[in-house]
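For reference, the structure is listed below as structure tokens.
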Amino acid sequence: MLEDLFSVVKTRFNGTESNSSNSKKDVKKTDIPNDLLFKCPRCSNVTFMDDFIGNAKVCPKCNYHSRISAKERIDMTIDKGSLIEFDKNMTSKNPIDFQDYEQKQESIREKTGLKDAIITGEATIRGDRIVIAVMDSRYMMASMGSVVGEKLTRAFEFATQNKLPIIVFTASGGARMQEGTVSLMQMAKTSGAVARHNKAGLLYITVMTDPTTGGVTASFASLGDIIIAEPKVLIGFAGRRVIEGTIKQRLPDDFQSAEFLMEKGFVDMIVERKKIRRTLSHLLKLHQSKGGGSDE
Amino acid sequence: MNNLPASERLDIVRNKFRPTVRDYIPMIFDDFFELHGDRYYGDDGAIIGGIGYFNGTPVTVIAQVKGRNIEENKASNFSMPHPEGYRKALRLAHQAEKFHRPLICLIDTPGAFCGVEAEERGQGEAIAKNLMEFMTLKTPIFSIVLGEGGSGGALALGVCDELAMLSNALYCVISPRGFASILWKDATREREACDIMKITAENLKDLGICDYIIDEPEGGAHNNPDLVAENISSYLCDAFKRNLQKPIDELLNDRYTKFRKIGEFEENSD
């Protein structure tokens, strides 16, 4: 069912396999030092890396929103230095004794500096107190296992207890296969925590980023009071290749894009990265009396 | 029986003579009336729902339907629900809550359907909504995995006060086929995948996910469907005794906690 949810999906951005190949590879081909220039995997436009970074890692030519780390996302979203991180050192065990799971995680931890695929905490946006959770696709495609499930659940519980709104930036290949049915249950656990926050009359905003798929789409990601998506990101339940295998046809490029989801009625608005902080701030002010946070 | 590897249980649950909900419902419930449609889009044949009596108590039953032949399978899409199936389930769950009827969910699906229309109509949203709504549904919920419990498509009927599994049933995060195709890029190694995924009722009891195991006869349920129906009935009898008298707040707290405590992690201080 979820065959290829764990694979990196890149064909979304305009197309063909060759177009969407890894930018580093392209850079090598043309002998451009890869820290100086950014070549867009979608439109192949080359810009100075500084300009690309200054543009919130969005291609200035075609508006391609590249994947960014949780840390970068937090920095561009919250008030500078306002993050009080929760559960910093939580790591998962190996519930089904999956071979090499510990080693695999160890090497990703070294590479990314992350302990698992999500950062949660309390912060402010233009002075409004919020709880924030941001998934990081560099960590096993931000799949949801015990740690993602537990940290999110605690974040929701904290928000409920403290009558705070919560903002979750989703990105995920789905439930983490390596933790077996324990991962599947995280979908129920997190949705339960959302339910309690919801019953308490508090605001939950989802920001869907690339890619939001599988068991994450089928749980907390789809449950926001307001669902925002970045332009052109992949959002879906089943993997594209699985569906293509079922129908024996190639799907249109915009299938499961943010725009497709909005057309079908599953996304409230598509907001460019640079406008997300401002949009969130407006929404928080609008909900001030209903868990919209208070000025500190 | 207890030592049968998951791959052999996979053969048992896929046996074409394995009883389905169409066999069990008349054996377990009296005066069952099927209710159709999600009131938004259509009626999904992969999930049937209705009302009837269990030992004289009115109950709501929601069940995933495997076909016993080609025609039935066509009608039930091989028990792979579309979003309207999950929305029908949610409608009937709310109806059960309104009329204070216990809800019994019978799970038997390879997974939610993966197709263009399913995506267009919000498969992910439909499943997510059920997880959230079932968690606070003010009536007892009992879920039983009869055969295959495939991923989110199964879990959408699996947020409950007690989860029981038939002794050969399997419950997994991803189909063994999918698991093999990701892990070894070879979908044909599904039997091997099955045996390392820890997806049998015994495995899941150890992991704190499955609460009760309902016995099947030697060789599988198809060898004696009447006996299995009796075992399910006697399980439900006990489950009713354990839960029907509970104050609703306590029931909902226990339900939340049941899922809340699943997860294996450690917290280091450094």
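Residue-level check: of (1) more than 7 Å from chain A (Cβ to nearest Cβ); (2) under 22 Å from A:Ala193 (Cβ atoms); (3) buried (at least 24 other Cβ atoms within 10 Å of the Cβ), B:Ile127 misses just (1).
Within the stretch B:256-270, restricting attention to residues that are exposed (fewer than 13 other Cβ atoms within 10 Å of the Cβ) and outside any helix (DSSP H, G or I), which residue is farthest from the other protein chains (Cβ to nearest Cβ)?
Ranking the candidates gives B:Lys261 first.
Can you find a residue in the stretch B:112-122 that is within 14 Å of another protein chain (Cβ to nearest Cβ), among the aliphatic types (A, V, I, L, M) and free of Cβ contacts under 8 Å to residues at least 24 places away in the same chain? Yes, there is a match, as at least one residue in the stretch B:112-122 is within 14 Å of another protein chain (Cβ to nearest Cβ), among the aliphatic types (A, V, I, L, M) and free of Cβ contacts under 8 Å to residues at least 24 places away in the same chain.
With the condition kept exactly as written, say whether any residue in the stretch B:134-143 is within 7 Å of chain A (Cβ to nearest Cβ), in contact with a Ser or Thr (Cβ under 7 Å, 6 or more places away or on another chain) and of a type in the set (A, V, I, L, M). Yes: the stretch B:134-143 contains one or more residues that are within 7 Å of chain A (Cβ to nearest Cβ), in contact with a Ser or Thr (Cβ under 7 Å, 6 or more places away or on another chain) and of a type in the set (A, V, I, L, M). Where helices (runs of 4 or more DSSP H) fall entirely within the stretch B:150-255, those with at least 1 residues that are within 12 Å of chain A (Cβ to nearest Cβ) and over 20 Å from B:Thr109 (Cβ atoms) are at B:176-183, B:190-196, B:201-206. When the residues of the stretch A:80-99 are filtered to those that are within 13 Å of A:Ala123 (Cα to Cα) and crowded, with 16+ Cβ neighbours inside 10 Å, the one that is farthest from the other protein chains (Cβ to nearest Cβ) is A:Ser82. Go through the stretch B:66-87 residue by residue and tally those that are touching a Lys or Arg at 6+ places or on another chain (Cβ under 9 Å) and within 14 Å of B:Leu35 (Cβ to Cβ). Count: 2. Every test in (1) of a type in the set (Lys, Arg); (2) at positive phi; (3) touching a Ser or Thr at 6+ places or on another chain (Cβ under 6 Å); (4) surrounded by fewer than 19 Cβ atoms within 10 Å (Cβ to Cβ) is passed by A:Lys248 save one, and that test is (3).
For the stretch B:183-203, residues that are surrounded by 21 or more Cβ atoms within 10 Å (Cβ to Cβ) and either out of contact with any helix residue (DSSP H, G or I) (no Cβ under 6 Å at 6 or more places or on another chain) or not hydrophobic (A, V, I, L, M, F, W, C) (or both) total 3.
Where the second residue is assigned to a strand (DSSP E or B) and of a type in the set (A, V, I, L, M, F, W, C) and the first is at the interface with chain B (Cβ under 7 Å from one of its Cβ atoms) and within 30 Å of A:Asp254 (Cα to Cα) and lies in the stretch A:183-212, which pairs have Cβ atoms under 8 Å and are six or more apart or on separate chains? That search, which allows pairs on different chains as well, returns A:Ser183/A:Met144; A:Ser183/A:Ala175; A:Leu184/A:Ala175; A:Leu184/B:Cys172; A:Gln186/A:Met144; A:Gln186/A:Ala175; A:Met187/A:Met144; A:Met187/A:Ala175.
Anything in the stretch B:130-149 that is in a loop (DSSP other than H, G, I, E, B) and either among the hydrophobic types (A, V, I, L, M, F, W, C) or surrounded by 24 or more Cβ atoms within 10 Å (Cβ to Cβ) (or both)? List them, or say none. Selection gives B:Leu137, B:Pro140.
Among the residues making up the stretch A:102-121, a single one is surrounded by 20 or more Cβ atoms within 10 Å (Cβ to Cβ) and of a type in the set (Asp, Glu): A:Asp116.
Within the stretch A:33-58, residues that are among the acidic types (Asp, Glu) have Cβ atoms under 9 Å from residues that are surrounded by 15 or more Cβ atoms within 10 Å (Cβ to Cβ) and in a loop (DSSP other than H, G, I, E, B) in these pairs: A:Asp51/A:Pro60, counting only partners at least 6 apart in sequence or on another chain.
Only the coordinates and a few stated rules stand behind these numbers; no lab work does. None of the values given here were measured: they were computed from a predicted structure. Here the Cβ is made from the backbone with ideal geometry for all residues, glycine too, and neighbour counts use every protein chain on show.
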